[in-house]
Amino acid sequence: MAGSDAMNRYARQTCLPEVGDVGQAALAAAHVLVVGVGGLGAPVLQYLVGAGVGRLTLVDGDTVAMSNLHRQTLFREADIGEPKVSAAAKTLRALNRDCRIEPLVQSLDPANAPGLVGQSCLVLDCADSFATSYILSDACRAAGIPLISASALGLAGYVGGFCGTAPSLRAVFPDLPDRAATCATAGVMGPVVGMIGAAQAQMALASLLGQSPSPLGQLIRFDMQSFRTSGFRFDTAPDPQPDLMFIAPGAIAAPDFVVELRDTGEAPAPVCAHARRLSVAEFAERKPRPAGDQRAVMVCRSGLRAWQAATTLRTYWDGEISLIAMGDTPSNEGSTK
């Protein structure tokens with residue numbers, strides 16, 4: 001972009017003392033990983049590209065559906081059936097040709113997360129999936145890379161800055177909830193998702209610019225039923241050593257004690273031939289125990305039932321437990337982390 005064009009494009013933000021020419025150069029040099037190109041990802045990506053972030057890697061294995069359009073504003077009816085990252089990339093490139101957009105049509109998992117996280121300077125969790133949030137937090141904590149994570153459901157949600165110089169997501173959310181709702185079951189308002197996504201984008205830009213106070217270590221809650229916001233800092237929250245870790249399905253080994261928590265309607269075939277199929281209630285009632293030094297592997301769709309079964313197992317067995325989440329798409333708002 002010619003110098004005069006760049007000056008005109010970014011004039012309204014470079015005049016801010018928090019940005020200036022130095023800050024604009026930092027944005028242009030940044031490489032941001034965005035996981036989830038849905039309701040949260042839409043405002044995040046438009047504002048980051050508009051601000052001149054130089055390189056964005058988009059990760060999402062989902063395709064555009066009609067039910068997405070009321071809140072996922074990067075897409076049009078003509079995009080239905082197209083991979084979300086591909087449709088988003090076309091719109092974003094038209095918004096700012098100087099931004100390098102790398103769309104990856106894949107889901108994030110424990111196998112690819114370290115490599116994707118390691119090549120970025122900032123990670124944005126726009127997926128709103130239990131498993132994705134914890135996988136990203138663990139990978140960012142290990143790599144020392146900041147994570148801005150958000151969640152939206154119904155008329156409420158939150159955004160927070162984790163890892164890097166702050167405690168990880170596990171410090172604030174050490175356990176999953178007792179039950180899960182999704183946008184499909186509980187619904188979500190488009191403007192609520194857009195507002196939280198915009199706040200997530202602002203926290204991301206503040207992190208890239210080195211703003212003080214830092215967005216890392218800050219959590220903001222939104223309640224648009226009562227039109228209230230609240231927040232707190234968690235800089236000194238103890239960061240627990242992860243106990244229950246997510247692994248990729250390909251990491252299952254023959255000796256593992258594998259429990260398939262999805263029913264036959266969800267998964268006609270279990271994750272592996274030697275898996276035993278039990279519901280969470282059946283697991284709690286029968287209390288099966290791995291033999292010897294077997295690793296226990298709990299498998300479900302979103303990670304919630306795997307976490308619940310693992311928590312039950314932990315009450316009477318202290319061996320290694322791993323979790324697998326199957327079937328979640330990264331851009332499905334509504335995990336209520």
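The values are calculated or read from the model by the stated rules, or taken from the named source; none is laboratory data. Computed from a predicted model, the values in this text were never measured in an experiment. A quick note on method: Cβ atoms are made from the backbone with ideal geometry, for glycine too, and the neighbour counts reach across all protein chains shown. Just so you know, the surface numbers come from the protein's heavy atoms only, side chains and all, with ligands and any DNA or RNA stripped out. Shrake-Rupley method; radii C 1.70, N 1.55, O 1.52, S 1.80 Å.
For residue 37, the residues 5 or more places off, or on other chains, whose built amide H falls under 5 Å of its own are 331.
Cα axis of helix 20-29 to longest principal axis of the chain: angle in degrees, 0 to 90, nearest 10? With rounding to tens, the tilt is 40 degrees. Beta bridges assigned by DSSP with both partners in the stretch 116-207 are antiparallel in approximately 65 percent of cases.
The label-point distance for residue 253 and residue 289, in a model that sets each label 7 Å from Cα toward Cβ, rounds to 2.2 nm.
Between residue 67 and residue 119, what length comes free when the chain is fully extended (0.36 nm per residue of separation minus the Cα-Cα distance, one decimal in nm)? Before the final figure, lay out the partial values.
On the way: separation 52, 0.36 × 52 = 18.72 nm, distance 3.32 nm.
Length gained between residue 67 and residue 119: 15.4 nm.
Compared with the dominant Cα axis of the chain, that is its longest principal axis, helix 190-209 is turned about 70°.
Remark: the chain carries 43 Å² of accessible area per residue (probe radius 1.4 Å; ligands, DNA and RNA excluded). On the principal axes of its alpha-carbon atoms, the chain has extents of 70, 47, 41 Å, going from largest to smallest.
When DSSP beta bridges are restricted to pairs lying wholly in the chain, around 35% turn out antiparallel. Couplings 3J(HN,Hα) of the stretch 127-143, computed from phi: 7, 6, 10, 3, 4, 4, 4, 6, 4, 5, 4, 5, 5, 5, 4, 5, 8 Hz, in residue order, whole Hz [Karplus 6.51 cos²θ - 1.76 cosθ + 1.60, θ = phi - 60°; x for Gly and Pro]. Summing charges over neighbours of residue 270, with a neighbour being any other residue whose Cβ is under 10 Å away from its Cβ, gives +2 when K and R count +1 and D and E count -1.
Overall form of the stretch 1-121: oblate. Here a/c, set by the Cα gyration tensor axes a ≥ b ≥ c, is 1.5 or more, and a/b is not larger than b/c.
Annotation: extensible slack from residue 155 through residue 269 equals 37.3 nm (criterion: 0.36 nm per residue apart, minus Cα-Cα distance).
Only helices enter the 222 nm calculation for the chain: every DSSP H run of n ≥ 4 contributes -39,500 (n - 2.57), and dividing by all residues gives -9500 deg cm²/dmol, rounded to 500. Using R0 = 22 Å, the C-beta based FRET efficiency linking residue 226 and residue 175 works out to 0.25. The simple spin-label model puts a point 7 Å past each Cα toward its Cβ; for residue 112 and residue 98 those points are separated by 3.0 nm.
How many percent of the accessible area of the chain is carbon or sulfur, using a 1.4 Å probe?
Accessible surface attributable to carbon and sulfur in the chain totals 54 percent.
Against the chain, whose longest principal axis comes from its Cα atoms, helix 304-314 is set at around 50 degrees. Once backbone amide H atoms are built at 1.01 Å from N, residue 30 has 54, 55 as its partners under 5 Å, excluding neighbours fewer than 5 places away on the same chain.
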